[in-house]
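Input: a single structure, listed below in structure tokens.
The values are calculated or read from the model by the stated rules, or taken from the named source; none is laboratory data. These figures come from a predicted structure and were not determined experimentally. All Cβ positions, even for glycine, are placed from backbone atoms using ideal geometry, and neighbour counts span all protein chains on display.
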Amino acid sequence: MSGRHLTEPRIPRRRILALVPATAGSLALWSLGRGRAAVRSGGAQELHFLATADSGSGDSNQRAVGRQMGAVHRRDPVDLVLMAGDNIYPSGDLALVKATFDRPYRELLAAGVPFHAVLGNHDIRTGNGKPQVAYPPFGMKGRWYSLRRGPVAFFMLDTNVNAPWQHQLPWLKRELAASDAPWKVVVGHHPIYSSGYYGNDPAAIARLTPLFRRHGVQLYINGHDHNYERSNPLQGTTYLTVGGGGASLRPVKAEAHAARAVSVHSFAELQVRGERLTIDAWDLNGNRIDRAVLNPAGAAVPG
């Protein structure tokens with residue numbers, strides 16, 4: 001199976017509104033959101049997005065995080081949301097999508113903000129994740145895929161135990177080599193460097209970090225560990241764990257590679273403006289728990 005590349009056409013707003021079906025729910029809002037984000041991002045050298053993972057609990061913690069994500073959008077409209085896996089607990093069953101997606105993110109969905117997800121280990125327990133891949137509001141164009149929004153290229157991976165790396169890895173090499181984006185962000189569910197429960201993954205380090213270094217990947221976003229963590233830049237790449245989206249938290253203690261590690265329900269806000277990528281992390285009460293600024297070389301710079 002091969003991944004697919006997603007481009008966002010510029011569609012007149014009048015045409016988008018005419019095409020939106022007169023039905024409620026996330027399917028109609030997803031259609032509207034794709035058009036809005038395409039028009040808003042265009043070719044500008046700015047992009048504003050959110051990232052969350054291990055979010056699909058459907059409980060009060062996820063709803064509180066979702067409200068704070070909506071508050072960020074009201075303050076400064078976001079172009080998209082990344083979901084780094086475990087989108088629906090406990091087993092990825094789409095029958096629970098209203099509680100685990102529609103309700104927590106109702107404000108963002110109503111505003112037409114598009115979501116783009118990857119599969120987590122809980123998501124593949126139902127139909128090996130195929131129902132989620134086929135669900136339009138999750139914005140997935142395959143088990144792995146890429147998309148370009150303004151100055152940022154996103155490379156969305158399947159990092160599960162049954163991922164066919166013999167196909168996915170050559171695809172990733174080609175996509176990274178072909179990309180001329182000034183900012184490259186890779187998203188997968190599983191951590192590569194982590195101070196959390198699962199720790200560092202030697203196999204992922206060997207498989208992926210040489211590619212990140214060779215092709216200038218500035219950021220890797222993941223979940224799986226149920227905490228927030230931002231690494232110091234490691235050979236030009238910052239590793240960002242956003243696993244506090246709603247699932248039960250686990251303890252975390254910062255290892256030597258970590259710049260910030262905290263066990264709290266939270267999400268990340270990221271903004272690219274020219275030669276600066278700013279990372280702000282917020283907890284479920286709207287308190288800032290972290291801030292960092294990167295340059296295109298992947299180095300941390302004064303904020």
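Brief remarks on what is shown
- Screening 70, 66, 85 for residues that are within 21 Å of residue 130 (Cβ to Cβ) and modelled with pLDDT of 95 or more leaves exactly one candidate, 85.
- The residue of the stretch 34-60 that is modelled with the lowest pLDDT, among those that are under 18 Å from the mean Cα position of the chain (by Cα) and polar (S, T, N, Q), is 41.
- Counting the residues of the stretch 102-123 that are of a type in the set (A, V, I, L, M, F, W, C), buried (at least 24 other Cβ atoms within 10 Å of the Cβ) and either free of Cβ contacts under 8 Å to residues at least 40 places away in the same chain or part of a loop (DSSP other than H, G, I, E, B) (or both) gives 4.
- Residues within the stretch 247-297 that are assigned to a loop (DSSP other than H, G, I, E, B), touching a Ser or Thr at 6+ places or on another chain (Cβ under 7 Å), of a type in the set (Gly, Ala, Ser) and crowded, with 17+ Cβ neighbours inside 10 Å, tallied: 1
- Residue 192 vs. criteria in contact (Cβ under 8 Å) with a residue 60 or more places away in the chain and surrounded by 24 or more Cβ atoms within 10 Å (Cβ to Cβ): no
- Candidate set from the stretch 128-176 (those that are without any contact (Cβ under 8 Å) to a residue 12 or more places away in the chain and assigned to a helix (DSSP H, G or I)); member that is nearest to residue 88 (Cα to Cα): 130
- Condition broken by residue 86, with the remaining ones in (1) more than 14 Å from the chain's Cα centre (by Cα); (2) assigned to a loop (DSSP other than H, G, I, E, B) satisfied: (1)
- Residue that is nearest to the chain's Cα centre (by Cα), among those in the stretch 135-177 that are surrounded by fewer than 15 Cβ atoms within 10 Å (Cβ to Cβ) and under 26 Å from residue 47 (Cα atoms): 136
- First in the stretch 75-100 and farther than 13 Å from residue 117 by Cα, second anywhere and charged (D, E, K, R) and crowded, with 24+ Cβ neighbours inside 10 Å, Cβ under 9 Å, 6 or more apart: 79/149; 89/54; 91/123
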